[in-house]
Every structure is written in C-alpha cells, then in structure tokens.
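Single-structure report; data block below.
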Amino acid sequence: MAKIDWYDEFIDFGYRPAKTDLVCLFYFEPEEGISKREAIGRIASESSTGTWTTLFKMPPRMRALQATAYELDGNYVKISYPLDLWEEGNAAQLLSGIAGNIFGMKAVKNLRLIDVSFPREYVRCFKGPRHGIAGVRRMMRVPKRPLTGAVPKPKIGFSAAEHAQIGYETWMGGFDFVKDDENLTSTKFNGFDERVRLMTKLRDRAERETGERKGAFLNITADVETMKRRARLLADSGWNYCMIDVVVAGTASVMTMRDYCSDLGLAIHAHRAMHAAFDRNPKHGISMEFLAKLMRLIGVTQIHTGTTVGKLVGNRREVTANADVLREKRVKPLEHVLLAQDWGNIRSAFPVASGGLHPGLVPDVLNIYGEDIILLVSGGIHGHPKGTRAGAKASMQAIEAWEDERTLEEQARKSPELAQALEKWGHYKPK
Ligand code: CAP
Ligand code: MG
C-alpha cells in the first residue's frame with residue numbers, strides 16, 4: 001500500500017541545529033491512540049513545510065526548508081527551523097508558522113509553545129526597543145529607583161477632566177506616570193483628544209510645582225491610522241510615551257507603530273490584556289515568557305509581566321523568567337522554561353508589575369524584580385484613607401524603605417501616609 005503521510009521525515013534525533021537555525025521548545029500531549037513520535041512529527045511538519053499526505057511532486061531542494069524535531073525529553077520537544085523559512089523582520093509570519101495551525105491539530109491534545117531561541121541573523125532584522133532601560137531613565141531623569149505609575153480607578157467612567165485631576169494628584173504624590181486603563185481609549189464621556197489636552201495642562205503644572213519630569217501612558221489603541229494620529233497628537237503635546245494594548249492590536253500593527261513612534265520620540269507602554277486567554281493553561285497555548293520576548297524583539301519599551309503577590313495569576317518563577325527575557329543581554333537557559341538567547345544589539349525593555357498592589361506589597365515586588373521595574377500601584381493609591389496623593393506618597397515611602405533596607409513598620413514611624421496605608425491593608429494579598 002502506498003504511504004499516506006510523511007510526518008516521520010520531520011524527526012531526526014541525530015540532528016544538531018545549525019547556528020543559524022531557530023529553535024522552539026514545546027510541551028505536548030498526544031491524543032489517545034497517537035504516539036509521541038507521531039505527534040512531534042506532525043508539530044514539526046505543520047509548522048514548516050509539511051502537509052497531511054505524501055505528494056506527487058516535491059522539488060528535492062525543499063528538504064532543506066523542513067523543520068526537524070531533534071530532542072525529546074518526556075513531553076518536551078525541541079524543534080529546529082532553518083532560517084530561510086522566515087521572512088526578515090516579520091513577526092506575524094513567524095507566529096503563523098510556529099504558533100499557527102499546530103494548536104488545532106486533532107492528533108495533539110495539548111500543545112504549548114514555551115520559548116524560541118532566535119539566531120543572531122534573525123534578531124538582526126528587528127529593531128527592538130527605541131529607548132532601552134537606560135534611555136528611559138535618562139528621559140525621565142530617574143537614574144536609579146523603580147519608576148512609578150498609577151491608573152485612575154475605577155478603570156473607565158471618569159470624564160476627561162476628572163481623569164486629568166486624578167492624574168495631577170498622582171504626580172503630586174511623587175509618581176512618575178499616570179496610565180490609562182486597557183479599555184479606555186476614546187469614549188463619549190472621555191475623548192482621547194480632550195484627555196490629552198487636559199492632562200497636558202496639568203502635567204505642565206505638576207512639573208513646575210515639583211521640578212520633576214512627569215509622564216503618562218495614554219492609550220492610543222485603535223486601527224493603525226487612528227493610532228498614528230493619536231501618537232502625533234501626543235508628540236505635539238510634549239509627551240514621551242504612548243500606550244498600546246499589544247495583544248489585541250497584533251504584532252503587525254505594533255511593528256508599524258514602533259517605527260512611527262520612534263520617529264516621534266515616543267516610547268511604547270505595552271499592556272498585555274488578553275494574554276491569559278493563551279498563557280494561563282500551563283499545558284496549552286503560548287507562554288508569557290515568549291510573548292515578552294516577542295514584544296522586546298518588535299520594539300515595545302515595556303510590558304506587563306505580573307506581580308506574584310497581586311490580584312492576577314503569575315508565579316515567581318514565571319515573573320522572574322519574564323524579567324530576564326526583557327532585561328538581560330544574554331538570557332541563560334532554564335530547563336523546560338527558557339532557551340538561551342543572545343540579544344545582540346537589541347536594547348533592553350522594562351518589566352511592568354501591576355494588578356492588586358498597595359504600599360504594603362511594594363517590598364515583596366521589589367525583592368522579586370529589583371529596581372529596574374515600572375511599578376504600577378493603582379487601586380492601592382486611590383483607596384488610601386486620605387486619598388490619591390497620600391496613597392502615592394505612601395508607595396514612594398515604601399520604596400524608600402526598601403532602598404534603605406528598613407521594614408515598612410520602621411519606615412511608617414516617620415512616614416504618616418505609609419502608616420495609614422498599613423493600617424488599612426497591612427500586607428494583604430488580594431484575590
Ligand atoms: C491594575 C490594572 C492592570 C492590570 C493588568 C487593572 O490595576 O490596571 O490592567 O495590572 O494585569 O485594571 O487591573 P490595580 P497585568 O492596580 O488597581 O489592580 O499587569 O498582570 O497584565
Ligand atoms: Mg488595567
């Protein structure tokens with residue numbers, strides 16, 4: 001009988017990846033009745049040059065474009081892809097291959113893309129972040145400590161004027177940034193242009209009154225032409241950042257906006273809303289570590305990476321791995337979690353810790369991340385017994401305590417705002 005499929009031709013345990021190959025690490029579980037070999041052959045085939053059946057004609061040179069499953073360790077497999085499969089500088093095309101049809105294959109019950117090691121030749125075709133951590137620190141004139149910010153809460157519903165006023169209070173409490181929430185763009189009650197106009201006025205006032213640089217992550221997420229118009233308005237109004245919901249906007253539009261914003265001198269705050277739809281189930285989907293890596297590659301300045309202690313999912317191991325992927329020049333491999341990555345000339349990106357934080361949790365977060373972090377304390381400043389400004393002050397006092405290696409309780413003796421925050425929340429971990 002004629003052979004029906006050729007999946008086994010995508011497996012070679014003797015293969016050693018070339019330096020120019022792109023290597024993926026997957027976790028997989030075959031469907032009942034399917035062997036591990038059958039499963040990994042299908043993953044390698046469907047993500048590269050294969051199809052479900054043998055073909056009448058195939059030019060022999062096409063063999064050189066096939067992916068190879070070359071290392072099997074329990075339910076983990078490494079697959080190597082020749083560089084020529086991939087278009088230079090096209091992250092969307094990459095995802096259609098290594099994170100495309102394979103997630104829907106009947107033969108595979110669960111499949112998770114854990115990490116990808118990009119060869120230098122591939123990395124070189126991307127621009128990465130325009131500023132890097134050092135560039136942002138220069139821009140904000142904050143050489144050392146964690147950078148701080150807050151979202152007005154409740155997350156959507158304020159008028160532009162109310163929003164700007166809360167922003168002003170946040171800045172006056174000592175914070176560097178005011179952030180829009182992910183679902184606030186331009187609404188009837190809080191139009192983008194009006195928000196920018198009012199925020200600009202109050203930013204100028206806060207800068208005059210404090211002598212500090214004040215910034216904002218204003219959410220431009222929309223179709224690309226609208227995002228461009230909003231980015232121009234921000235640059236014309238003297239802002240140095242914009243914010244994009246990068247998962248829902250998609251890699252193609254983020255790449256376009258990276259270039260556009262870079263010409264305008266704008267850094268990009270990346271909110272990851274929707275990430276948990278594909279990274280929460282540890283057996284299936286795409287890891288957060290890889291999303292963070294992809295976003296650094298295509299050039300966001302910073303991206304949300306979890307807190308461990310706050311209200312949203314993400315354990316310490318994952319959060320630390322995310323931070324390494326974003327900040328290190330050379331990422332060390334970690335079994336079943338990370339592959340080695342040499343970033344070459346790509347600049348670093350900031351991790352962002354947010355979600356359910358308050359002053360009492362600040363030292364926990366900083367113990368995990370260190371000081372190269374954007375720390376967002378939102379509900380945890382607006383819920384302060386004395387209001388937003390006092391809440392921001394309390395958070396800055398908590399940072400000071402951490403920097404000076406004092407406990408929060410010791411610091412609270414000379415910092416009344418922190419004392420009030422601790423009275424309300426203590427070290428409470430929200431759910
Ligand atoms: C934080 C936040 C962010 C989350 C997103 C919110 O507010 O603005 O969207 O941090 O999650 O709406 O929840 P709070 P992540 O500080 O008031 O909780 O950072 O994990 O992507
Ligand atoms: Mg939010």
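The values are calculated or read from the model by the stated rules, or taken from the named source; none is laboratory data. Worth saying up front: this structure is predicted, and the values here are computed from it rather than measured. Cβ coordinates were reconstructed from backbone atoms using ideal geometry, including for glycine residues, and neighbour counts include every protein chain displayed. Surface accessibility is based on the protein's heavy atoms, side chains included, excluding ligands, DNA and RNA. Shrake-Rupley method; radii C 1.70, N 1.55, O 1.52, S 1.80 Å.
Show K201, K3 ordered by accessible area, largest first, where the area counts protein heavy atoms only and the probe is 1.4 Å.
Values: K201 130, K3 105 Å².
From most exposed to least exposed: K201, K3.
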Original post:
Can you list the HN-Hα couplings for segment 271-285, worked out from phi with the Karplus curve (6.51, -1.76, 1.60; θ = phi - 60°), rounded to whole Hz and with x for Gly and Pro?
Top reply: 8, 9, 3, 5, 4, 5, 5, 10, 10, 6, 6, x, 9, 9, x
**OP:** Could you pull out every residue, at least 5 positions away or on a different chain, whose amide H is within less than 5 Å of the one on V108? Hs are placed 1.01 Å off N in the peptide plane, and Pro or chain starts have none.
**Re:** E31
Original post:
Comparing S48, S253, S35, which has the greatest mean-square fluctuation in the GNM of the chain with Cα pairs linked when under 10 Å apart?
Top reply: S35
Original post:
What percent does the relative contact order of segment 9-123 come to when contacts are Cα pairs within less than 8 Å and at least six residues apart?
Top reply: 43 percent
Subject >> Kirkwood Rh, angstrom, segment 330-373 [1 / mean 1/r, Cα pairs] >> reply: 12.9 Å
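Can you say what percent of the DSSP beta bridges in segment 9-123, counting only those with both residues inside, are antiparallel? Round to 5.
On the way: 19 of 20 bridges.
Restricted to segment 9-123, the bridges split so that about 95 percent are antiparallel.
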**OP:** Express the relative contact order of the chain as a whole percentage, based on alpha carbon pairs under 8 Å and six or more residues apart in sequence.
**Re:** 16 percent
Original post:
Assigning unit charges at the beta carbon (Lys, Arg +1; Asp, Glu -1) and nothing else, what dipole magnitude in debye, to the nearest 20, does the chain show about its Cα centre?
Top reply: 700 debye
Subject >> Between segment 289-331 and segment 125-177, the Cα center-to-center distance that results, in Å >> reply: 19 Å
Original post:
Can you list the lysines whose alpha carbon is less than 17 Å from that of K429, not counting same-chain residues fewer than 8 positions off?
Top reply: K311
Original post:
Which order do peptides 229-236, 289-296 fall in by mean Cβ count within 10 Å, highest first?
Top reply: 289-296, 229-236
Original post:
Of the beta bridges DSSP finds with both residues in the chain, what % are antiparallel, to the nearest 5?
Top reply: 50 percent
**OP:** Sum up the lysine pairs in segment 9-123 that clear both bars: alpha-carbon distance under 29 Å and a spacing of 8 or more or different chains.
**Re:** 10
**OP:** Step through the residues of segment 148-164 one at a time and calculate ³J(HN,Hα) from phi using the Karplus curve (6.51 cos²θ - 1.76 cosθ + 1.60, θ = phi - 60°), rounding each to whole Hz and writing x for Gly and Pro.
**Re:** 10, x, 8, 9, x, 10, x, 5, 8, x, 5, 6, 4, 5, 4, 4, 5
**OP:** Please give every one of the lysines within straight-line cross-link reach of K393, meaning a C-alpha to C-alpha distance under 20 Å, and leave out same-chain neighbours fewer than 8 residues apart.
**Re:** K144, K153, K179, K214, K414, K424
**OP:** Please calculate the 1.4 Å probe accessible area of F103, with all protein chains present, and give it to the nearest 10 Å².
**Re:** 40 Å²
Original post:
Can you list residues whose amide H is under 5 Å from D115's amide H, if they're 5+ apart or on another chain and H is modeled 1.01 Å from N?
Top reply: L25
**OP:** Kindly work out what percent of the DSSP beta bridges joining two residues of segment 285-403 are antiparallel, to the nearest 5.
**Re:** 40 percent
Subject >> Overall Cα dimensions of segment 132-425 - principal axes, largest extent first, Å >> reply: 46, 43, 33
Original post:
When the C-alpha atoms of segment 9-123 are aligned to their principal axes, what extent does each axis show, in angstrom, from largest down?
Top reply: 39, 35, 29
Original post:
For segment 220-237, what does the Karplus curve 6.51 cos²θ - 1.76 cosθ + 1.60, with θ = phi - 60°, yield as ³J(HN,Hα) per residue in whole Hz, taken in order and with x for Gly and Pro?
Top reply: 8, 3, 5, 5, 4, 5, 5, 4, 5, 4, 5, 5, 4, 4, 4, 4, 5, 8
Subject >> Accessible surface ranking that places the most exposed of L83, L147 first, with a 1.4 angstrom probe >> reply: L83, L147
**OP:** Mind listing the long-range amide H neighbours of Y241? Cut-off is under 5 Å, sequence gap 5 or more, other chains count too, H placed in the peptide plane at 1.01 Å from N.
**Re:** A216, A267
